[in-house]
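This report refers to the structure that appears directly beneath it.
The values are calculated or read from the model by the stated rules, or taken from the named source; none is laboratory data. As the structure is a computational prediction, the values presented were derived from the model and not from experiment. Cβ placement follows ideal geometry from the backbone for every residue including glycine, while neighbour counts extend to all protein chains displayed.
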Amino acid sequence: MTSLPKNTVKKLGLAIDLDTCVGCHACVISCKEWNTSNYGSPLSDMDAYGENPTGTFLNRVHTYEVETENNDYKVVHFPKSCLHCEDAPCVTVCPTGASYKREEDGIVLVNEDACIGCGLCAWACPYGAREMDADAGVMKKCTLCIDRIYNENIPEEDRQPACVRACPTNARHFGDFADPSSHVAKLSTSRCGIELMPELEAKPVNRYLPPRLKTDQGSNNLPDILTPMINKVPKNLKGFLSWVDKVLEKI
Amino acid sequence: MKPATSLIIFTVLSGFGFGLLFWLNLNLYSSTNFPDVIIFPTAFLISIVGLISSSFHLGNPQRALLAFTQWRSSWLSTEAVLAVLTLFTSFIYAVLSIVFKLYIFWLGLIASGMCLLTIFSTAMIYTQMKTVPRWNMKVTPVLFLLYGTVGGSIILNNGLLSFFLFLILGSVQIWTWKMGDQQFKRSSNIRTATGLSTKDKYIRMLEPPHTGSNYLLKEMVNIVAQKHIYKLRWISLCLLSLLPAILCLLTTTANINYFTFLAVICVINLIGTLISRWLFFSEAEHVVGLYYDR
């Protein structure tokens, strides 16, 4: 049944820190690696070595240039994967029952054996979290690495989503948002976690921690350490270096 | 959105077929111009071709029967179930009236109501999408019901009625385009999508996630050549509404209401509807494009 559960016991999801993400795309690659070799059909690539390579990804990192409240500009890397919405519109539109939201932990999944590949759920998702695999013709989406987080055959520290495990800057945090004492819930509260596109009323679980504002160094009257050092560079070169300088100027 | 041929044919033909059946089941057609042995099978054929066309849009059509299971929650499934039930009910009515000359009014009434419900649920597949503000309007199902039933109304052999119906269709179409153009601005923007910037601050995409294209861009971020939009709207409006309306008016004065002429009106209307449906998909902006700054 593609009706949504009224309430889920847990609300598993990610808190993504936009302040620490450096846009290295390690999460993209590790997500692709894990989800290609494990649950469901592989994430295929089309024309991988040709003119127009495309592929299925469950996690993509966008990069934006943003003017902050302090009128300076910031480059913000913005990883985007399924937000495991409470009112997931992708689930209710599914005609076959392939899409569902788990009552026990709130993870939104696709039963690939029942997916007819109509693509309606991808249309219904505001966030572009679902992609139809061009090879298998079924809908692929983030499973929150359900085959890692409950997997007792792997070391305990590995029992979190591949993207979280791979992140070199700890920008991705995994946990239960229904529990106010959880790491992610606390992070979200203390850093004013953002809900993406709240006006579409999908009630996403994942939260984005906005980049912190730069501290204003000018008004702090800190001693200028760098400038004197820069001034020390001799302006009139002598000897061999002077000769090299002249030769290079002439070339 | 990508204007997929299979979906354009599906929505236009199944709508038109069920629209024809709507009038046929009410026994309102002119049987001298449109003998029931011809017009009933034609209507069934058009609807079924439309419905089958939708399966060409599927990645795994061999599992299509599963689409009949979620009729309580999914409009697509509701539409599939209703379409089959409507065809079945209409078929029984058709057999009784053609073979046994039994015209059961209440059965026809139910079948006609089901035709309207089927067209309505087809429209709701698109109308329900909050992510596509241009579709997410109350007028969308009204327009779909008009597309379906107005063209078929010529089998009533009532030129004046069809004339007015075609004009109503044209007016609602214009109004929908006008309203639709305002919809996206009222919905989301890159600021609500990313939550990064406040109203007067600058924000733009610096780098897309990948250098190439992807499923999302191909399926949902279709950039139509804006310079042709208005030309296509005019062409579609003329074929969809104005030309058929004028021709219908001609049938009342010159008494030329014979089969071929009326069929030509239908075909002109259908071509206009096809162009309009192409625009319906092509013009529709999906909010995921905001993440790509489009």
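Against the criterion of being among the polar types (S, T, N, Q) and closer than 30 Å to A:R130 by Cβ, B:S236 does not qualify.
Determine, yes or no, whether A:Y64 is more than 15 Å from A:C163 (Cα to Cα) and exposed (fewer than 15 other Cβ atoms within 10 Å of the Cβ). When the stated conditions are applied, A:Y64 does not pass them.
Of all residues in segment A:138-162, those being closer than 23 Å to B:P209 by Cβ and in contact with a Leu (Cβ under 8 Å, 6 or more places away or on another chain) number 6.
Search segment A:67-92 for residues being touching a residue at least 60 places away in the same chain (Cβ under 8 Å) and assigned to a strand (DSSP E or B), and hand back the single one that is surrounded by the fewest Cβ atoms within 10 Å (Cβ to Cβ). Out of the qualifying residues, it is A:K74. Of the residues A:K214, A:K203, the single one that is among the basic types (K, R), assigned to a loop (DSSP other than H, G, I, E, B) and at pLDDT below 85 is A:K214.
Under the condition of being of a type in the set (V, I, T) and outside any helix (DSSP H, G or I), which residue from segment B:192-223 is nearest to A:N52 (Cα to Cα)? Per the stated criteria, the residue is B:T211. Just one of the numbered conditions (1) more than 10 Å from every other protein chain (Cβ to nearest Cβ); (2) in contact with a helix residue (DSSP H, G or I) (Cβ under 7 Å, 6 or more places away or on another chain); (3) in a loop (DSSP other than H, G, I, E, B); (4) not polar (S, T, N, Q) is not true of A:E103: (2). Here B:I275 does not fit the description of being modelled with pLDDT of 85 or more, in a helix (DSSP H, G or I), away from chain A (no Cβ under 14 Å) and more than 21 Å from the chain's Cα centre (by Cα). Listed conditions (1) among the aliphatic types (A, V, I, L, M); (2) crowded, with 19+ Cβ neighbours inside 10 Å; (3) within 14 Å of chain B (Cβ to nearest Cβ) are all met by A:A185, apart from (3). Selection over segment A:1-36 of residues that are part of a loop (DSSP other than H, G, I, E, B), crowded, with 18+ Cβ neighbours inside 10 Å and among the aliphatic types (A, V, I, L, M) gives a count of 2.
For segment B:188-207, give me each residue that is facing chain A (nearest Cβ under 7 Å) and crowded, with 17+ Cβ neighbours inside 10 Å. Residues satisfying the conditions are B:S188, B:T192, B:A193, B:T194, B:G195, B:L196, B:S197, B:I203, B:M205.
Only one of the numbered conditions (1) assigned to a helix (DSSP H, G or I); (2) surrounded by fewer than 16 Cβ atoms within 10 Å (Cβ to Cβ); (3) in contact with a helix residue (DSSP H, G or I) (Cβ under 8 Å, 6 or more places away or on another chain); (4) not acidic (D, E) is not met by B:K231, and that is (3). Taking B:S53 as the residue in question, decide whether it is within 24 Å of the chain's Cα centre (by Cα), within 14 Å of chain A (Cβ to nearest Cβ) and among the polar types (S, T, N, Q). So B:S53 passes the test. Against the numbered list (1) more than 7 Å from chain A (Cβ to nearest Cβ); (2) not in a helix (DSSP H, G or I), B:P41 comes up short only at (2). Scanning segment B:171-193 for residues being at pLDDT below 95 and touching a Leu at 6+ places or on another chain (Cβ under 7 Å) gives a total of 4.
Got at least one residue in segment B:222-238 being within 14 Å of chain A (Cβ to nearest Cβ) and touching a residue at least 24 places away in the same chain (Cβ under 8 Å)? Yes, because at least one residue in segment B:222-238 is within 14 Å of chain A (Cβ to nearest Cβ) and touching a residue at least 24 places away in the same chain (Cβ under 8 Å). Among the numbered conditions (1) under 26 Å from A:D87 (Cα atoms); (2) surrounded by fewer than 23 Cβ atoms within 10 Å (Cβ to Cβ); (3) touching a residue at least 12 places away in the same chain (Cβ under 8 Å), the only one that B:S73 does not meet is (3). Yes or no: segment B:143-155 includes at least one residue that is in contact (Cβ under 8 Å) with a residue 60 or more places away in the chain, in contact with a Leu (Cβ under 7 Å, 6 or more places away or on another chain) and surrounded by fewer than 18 Cβ atoms within 10 Å (Cβ to Cβ). Scanning segment B:143-155 turns up no residue that is in contact (Cβ under 8 Å) with a residue 60 or more places away in the chain, in contact with a Leu (Cβ under 7 Å, 6 or more places away or on another chain) and surrounded by fewer than 18 Cβ atoms within 10 Å (Cβ to Cβ). All conditions but one from (1) surrounded by fewer than 18 Cβ atoms within 10 Å (Cβ to Cβ); (2) part of a helix (DSSP H, G or I); (3) of a type in the set (A, V, I, L, M, F, W, C) apply to B:L87; the one that does not is (1).
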